[in-house]
Amino acid sequence: MPDRKNTDKKRICPVSRKCGGCQLMNMTYPEQLKYKQAKVVKLLGSFHRVNEIIGMEKPFHYRNKVQAAFGRTRGGEIISGVYQSSTHNIVKTDACLIEDEKADEIIVTIRKMVKDFKLTVYDERKGTGFLRHVLVKRGFATNQIMVVLVTGTGFFPSKNNFIKELLKKHQEITTIVQNINNKFTSMVLGEKETVLYGNGYIEDVLCGCTFRISPKSFYQINPIQTEKLYGKAVEFAGLSGKERVIDAYCGIGTIGIVASKNAGEVIGCELNSDAVKDAKVNAKINNIDNIKFICADAGEFMLSMKEQGEQCDVLFMDPPRAGSDKKFLSCAVALKPERIVYISCNPETQQRDLYYLIKNGYKVKKIQPVDMFPYTAHVETVVLLIK
């Protein structure tokens, strides 16, 4: 059960209305779980009975990835924080109830150092200035910390002294990377990177497996709940050690690598070539030899498997919030896996996709909601379908 000492309404964030990131800050945590359970039941309850949502014991400071935009107020004060919902107005924040506390501390330190070192901050309207964003990632299991300084230019004034001073103030930092983003874009990270300190990546442990995380790697933001989510996904897959498994949308290989312990063979598919490189490294780190990763569209890959007369026993699919498109789903149906484990961060698009799968020979057997993002309206679901 959630820790009720940490769920009272007295802890409402002072900038929650401006920020808009935590839509449920006016609810106690038990109320949030009831709200999310009802939401999933409404959307997916017609397919099968919905299990009770899995919540967090301590639903604060769970985000292992924190990013802050830098700018100036009209009065010239250097500020850092989050963009107000649906705008590019920066809401100044020194701390956040759902972000990692150490990451917040580092960002505030950098903000003070920018002033001390007389560095400029980025002006979106003019497209000029130096520091644009700061991204901090922390491995909760390893306590390794990566700091990514996103800059509008490649030239870094007083670079060596700045890095030396930052490391002096925060000796727990294990690597620092400069990422250059000089384009007019809403994307935080640019293409070019330079490692300023350390090896340019951190590692974390999830479900007993070690994962390398680079600045651009996608890695689940709440590792505590991810272990519960992936545990349910592997449980639903019913692996006996003989199955051929496809991990679609595999990213850096997290689900596939976790599942490989109980599968015969795992194939991970991912369009992002950087993620595929990370996935291959992660498989090597964990000494796993029954998994391979392919840089390809997962739907087209499954269709080619079908055309070559190959089969798949279990399909893991974990698409983005937009869900899967009909092309992918039609390819999945053509390959005819015995079981599909559909992990979703958006039950609304999952509902649409489930209707398609049911019309094409599958039925829902289990539904498990998991609260990955306390104090926000988001809810993650794991659904098992069988042929």
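For this structure, a couple of remarks:
- Hits in the range 219-272 - residues which are touching a residue at least 60 places away in the same chain (Cβ under 8 Å) and in contact with a Ser or Thr (Cβ under 7 Å, 6 or more places away or on another chain): Gln220
- Considering Leu315, Leu335, the condition of being closer than 19 Å to Val258 by Cα and either of a type in the set (Lys, Arg) or touching a strand residue (DSSP E or B) at 6+ places or on another chain (Cβ under 9 Å) (or both) is satisfied by Leu315 alone.
- Among (1) part of a loop (DSSP other than H, G, I, E, B); (2) at pLDDT below 95 - the single one Arg212 does not satisfy: (1)
- In the set (1) surrounded by fewer than 20 Cβ atoms within 10 Å (Cβ to Cβ); (2) in contact with a strand residue (DSSP E or B) (Cβ under 9 Å, 6 or more places away or on another chain); (3) hydroxyl-bearing (Ser, Thr, Tyr), the condition left unmet by Thr87 is number (2).
- Residue satisfying all of: in the range 1-39; within 22 Å of Gln84 (Cα to Cα) and of a type in the set (A, V, I, L, M, F, W, C); modelled with the lowest pLDDT among these: Ile12
- Qualifying residue in the range 41-53 (condition: touching an Asp or Glu at 6+ places or on another chain (Cβ under 9 Å) and at pLDDT below 90): no
- Those helices (runs of 4 or more DSSP H) of the range 274-387 in which at least 2 residues are among the small types (Gly, Ala, Ser), considering only elements entirely within it, cover 298-307, 326-335.
- Residues of the range 195-253 that are farther than 30 Å from Ile163 by Cβ and touching a Leu at 6+ places or on another chain (Cβ under 7 Å): Thr226, Glu227, Phe236, Ile246, Ala248.
- Of everything in the range 36-53 that is assigned to a helix (DSSP H, G or I) and touching a residue at least 24 places away in the same chain (Cβ under 8 Å), the residue that is surrounded by the most Cβ atoms within 10 Å (Cβ to Cβ) is Lys36.
- The residues in the range 198-241 that are of a type in the set (Ser, Thr, Tyr) and surrounded by fewer than 17 Cβ atoms within 10 Å (Cβ to Cβ) can be counted, and the count is 2.
- Boolean, Cys250 is buried (at least 19 other Cβ atoms within 10 Å of the Cβ), among the hydrophobic types (A, V, I, L, M, F, W, C) and farther than 24 Å from Met302 by Cβ: no
- Test: residue in the range 369-386 that is free of Cβ contacts under 8 Å to residues at least 40 places away in the same chain and hydrophobic (A, V, I, L, M, F, W, C): no
- Failed item, numbered, when Ser217 is tested on (1) part of a loop (DSSP other than H, G, I, E, B); (2) under 17 Å from Met317 (Cβ atoms): (2)
The values are calculated or read from the model by the stated rules, or taken from the named source; none is laboratory data. Quick caveat: nothing in here was measured; it's all calculated off a predicted structure. Backbone-built Cβ (ideal geometry, glycine too); neighbour counts: all protein chains shown.
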